[in-house]
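Only one structure is covered here, and it is reproduced in the block below.
The values are calculated or read from the model by the stated rules, or taken from the named source; none is laboratory data. A quick note: this is a predicted structure, and the numbers were derived from the prediction, not measured. Methodologically, a virtual Cβ is constructed for each residue, glycine included, from the backbone with ideal geometry; neighbour enumeration extends over all protein chains shown. What goes into the accessible areas is simple: the full protein's heavy atoms, side chains included, and nothing from ligands, DNA or RNA. Shrake-Rupley method; radii C 1.70, N 1.55, O 1.52, S 1.80 Å.
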Amino acid sequence: MKQSMTFIPTLREVPADADIKSHQLLLRAGYVRQNASGIYSYLPLATIVLKKIEQIVREEMNRAGSSELLMPALQQAELWQESGRWYTYGPELMRMKDRHSREFALGATHEEVITSLVRDEVKSYKRLPLNLFQIQSKFRDEKRPRFGLLRGREFIMKDAYSFHASFESLDEVYEKMYQAYSNIFSRCGLNYRAVIADSGAMGGKDTHEFMVLSEVGEDTIAYSDTSQYAANIEMAPVINQYEKSGEEAQSLEKVETPDQKTIEEVASFLNTSKEQLIKSLLFKVDEKFVLVLVRGDHEVNDIKIKNLYGASIVELATAEETKQSVGVMPGYVGPVAVSSEVEIIADMAVQAIVNGVCGANEENFHYTGVNIERDANVSQFADLRFIKEGDLSPDGQGFIQFAKGIEVGHVFKLGTRYSEAMNATFLDENGRAQPMIMGCYGIGVSRTLAAIVEQFNDEKGIVWPAAVAPFQVHLISANAKNDVQAEVSDKLYADLKEAGFEVLYDDRNERAGVKFADSDLIGIPVRVVVGKQAADGIVEIKDRKTGEGMDVSLSDLTGTIS
Ligand code: ATP
Ligand code: MG
Ligand code: MG
Ligand code: MG
């Protein structure tokens, strides 16, 4: 591709509203431009990189037995009403009406569309399992679109869905998809971890996220280099949110409970010390204490309390003992309060135990300045409550480290969440109708592009790993006005292409300094400079990553760079 004929609008200055490396560099190196908040145009260079990532994704999906299809982005509301998500998904789902006032959603994800598609066509166990994927733009009206391509409102996702006649079959395919994801992110050159994740609003049980290690990640993961164990501790979103709001912090102290008891009183009731009680109830993240509460239906003194909250004290007693002594039954947990004041949090926890409900319902939690963004499953989460850096890991192999992670992929065993709600059944071997068992598997393709840039850059610009670089060779004619240099460059461009190299050719009428600076920004692995020595048949090659350069004769060039 000739640079004079394409569109790579580089910038010398760091754009004011871009606060992380990938966002700054993708703007400065002329890969993307923002249209509106969280909405971007991918310029020619980014389009090539996206296609390379997509090609890796396609190859690994096909290898795992998934077939590509393409579903509509425009989805009728009826489907989302059938699954129930029309009412629970919230403002993130972009909704609209057509000219007949019929309601539609712009696809945030495609469980509904694919479930209805498969439901209408697949009737027998003989047609299962089935595994389908697509690569497509998704729409989510994110509360805080930010960090450029990392959190957009329109972004590119690979989403796959599998349908099964048995849970064993789902387990098998889940395993294959997990392996495919590992292959994809390894081939992209990324330093990532697959972590146990929270099942969140999706419903379902087994789930893993693929996290690219990066300081700008919005998730916090606990992992160890010498162990298989790695998990998303799911605290970060709540902490971030809390730190943003001073008003909410104030209101935390206003919690009122019907029957105030001191921490000492409760500790003595439970036959433990105050310190031990606090330690069991709370855990610490980033110097903040976090209270974890249980949600679910609890029976207290024969009265059914629906949807109230009680403190999770799984460390103090078994579920049964807990139920008997304080009337709280661990069910689902979520972080609901965060503060650096241990006494405030401990007091909330104690009142929660005493009253079974913390004197609060969902409404009050908003009042107390705590927002429950998600639930986590107790069995996954209980392990994590007391984890801190330096702990031995749960499998006894190595010590826990914390790191920030960017979620680039997510695999999920959905079970029958959608098939039951939408009546997607098949006839089993005995001719009985059964709900299909499902899995879903997402990769943020545009987010992955930004995550790669986040991990591969230096002070001069992007440094692409070879597998996803937009070109292999950046050919630069140092002085395009010099006839000899122009001639040698033109010929070299043709020869390199002929030899099978992907070449970006800077044939522009610009100063050499400008070309070199742009080349560093753009980040192609190998640079070939045609300069003064061209007349003697010598060019310079330079490695973008190491900065090392050497002179090579034209006849040796292709051999040296291949
Ligand atoms: P997040 O926790 O970052 O909001 P998510 O859990 O809501 O992501 P999924 O529903 O699991 O996202 O979607 C599958 C993948 O799509 C994610 O793993 C991520 O890589 C990507 N993705 C999700 N939201 C965005 C977004 N707003 N911009 C870019 N990529 C996204
Ligand atoms: Mg999200
Ligand atoms: Mg997530
Ligand atoms: Mg996810």
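For segment 481-494, check the following and say yes or no: at least one residue is within 16 Å of ligand 3 (Cβ to nearest atom) and open to solvent by 20 Å² or more (accessible area, probe 1.4 Å). No, segment 481-494 has no match at all.
Looking across segment 403-459 at every residue that is closer than 28 Å to Leu190 by Cβ and of a type in the set (Val, Ile, Thr), the one that is farthest from the chain's Cα centre (by Cα) is identified as Val453.
Kindly establish whether Phe147 is at positive phi, of a type outside the set (Val, Ile, Thr) and within 16 Å of ligand 3 (Cβ to nearest atom).
yes
Would you confirm whether or not segment 468-486 contains a residue that is in a helix (DSSP H, G or I) and within 16 Å of ligand 2 (Cβ to nearest atom)? For segment 468-486, residues in a helix (DSSP H, G or I) and within 16 Å of ligand 2 (Cβ to nearest atom): absent. Answer yes or no as to whether Val529 is assigned to a strand (DSSP E or B), over 41 Å from the mean Cα position of the chain (by Cα) and more than 20 Å from Tyr31 (Cβ to Cβ). Judged against the criteria, Val529 is not a match. Does segment 80-93 contain any residue that is modelled with pLDDT of 95 or more and among the basic types (Lys, Arg)? No: segment 80-93 contains no residue that is modelled with pLDDT of 95 or more and among the basic types (Lys, Arg).
So, in segment 11-59, of the ones that are open to solvent by 70 Å² or more (accessible area, probe 1.4 Å) and part of a loop (DSSP other than H, G, I, E, B), which residue ends up nearest to Asn183 (Cα to Cα)? It comes out as Asp19.
Among the residues of segment 415-433, is any within 17 Å of Ser166 (Cβ to Cβ), more than 16 Å from ligand 2 (Cβ to nearest atom), hydrophobic (A, V, I, L, M, F, W, C) and open to solvent by less than 10 Å² (accessible area, probe 1.4 Å)? Yes, that holds for at least one residue. For Phe185, the test of being part of a strand (DSSP E or B), open to solvent by less than 20 Å² (accessible area, probe 1.4 Å) and more than 14 Å from ligand 2 (Cβ to nearest atom) is failed. A residue that is in contact with a Phe, Trp or Tyr (Cβ under 6 Å, 6 or more places away or on another chain) and within 16 Å of ligand 1 (Cβ to nearest atom) can be found somewhere in segment 444-463. For segment 79-97, the condition of being farther than 29 Å from Gln179 by Cβ, within 16 Å of ligand 1 (Cβ to nearest atom) and of a type in the set (Val, Ile, Thr) holds for at least one residue. In segment 189-213, of all residues being under 30 Å from Lys545 (Cβ atoms) and either basic (Lys, Arg) or within 15 Å of ligand 3 (Cβ to nearest atom) (or both), the one that is modelled with the lowest pLDDT corresponds to Val195. Among the residues making up segment 418-461, those that are more than 30 Å from Arg12 (Cβ to Cβ), away from ligand 3 (no atom under 16 Å from the Cβ), touching a residue at least 60 places away in the same chain (Cβ under 8 Å) and in a strand (DSSP E or B) are Thr425, Phe426, Leu427, Gln434, Ile437, Met438, Gly439.
Any residue in segment 221-229 that is within 15 Å of ligand 4 (Cβ to nearest atom) and within 13 Å of the chain's Cα centre (by Cα)? Yes, segment 221-229 contains a residue that is within 15 Å of ligand 4 (Cβ to nearest atom) and within 13 Å of the chain's Cα centre (by Cα). Note on segment 111-143: residues that are away from ligand 4 (no atom under 16 Å from the Cβ) and of a type in the set (D, E, K, R) amount to 8.
Within segment 532-547, the set of residues being open to solvent by 60 Å² or more (accessible area, probe 1.4 Å), within 35 Å of the chain's Cα centre (by Cα) and not basic (Lys, Arg) comprises Asp543, Thr546. Among the numbered conditions (1) within 22 Å of Val49 (Cα to Cα); (2) more than 16 Å from ligand 4 (Cβ to nearest atom), the only one that Val408 does not meet is (2). Checked against (1) more than 16 Å from ligand 1 (Cβ to nearest atom); (2) over 30 Å from Gln179 (Cβ atoms), Pro145 passes all but condition (1). Within the set Phe516, Phe471, the sole residue that is open to solvent by 30 Å² or more (accessible area, probe 1.4 Å) and among the aromatic types (Phe, Trp, Tyr) turns out to be Phe516.
Checked against the criterion of being within 16 Å of ligand 2 (Cβ to nearest atom), among the basic types (Lys, Arg) and more than 23 Å from His208 (Cβ to Cβ), the candidates Arg85, Arg95, Arg127, Arg153 yield just one match: Arg153.
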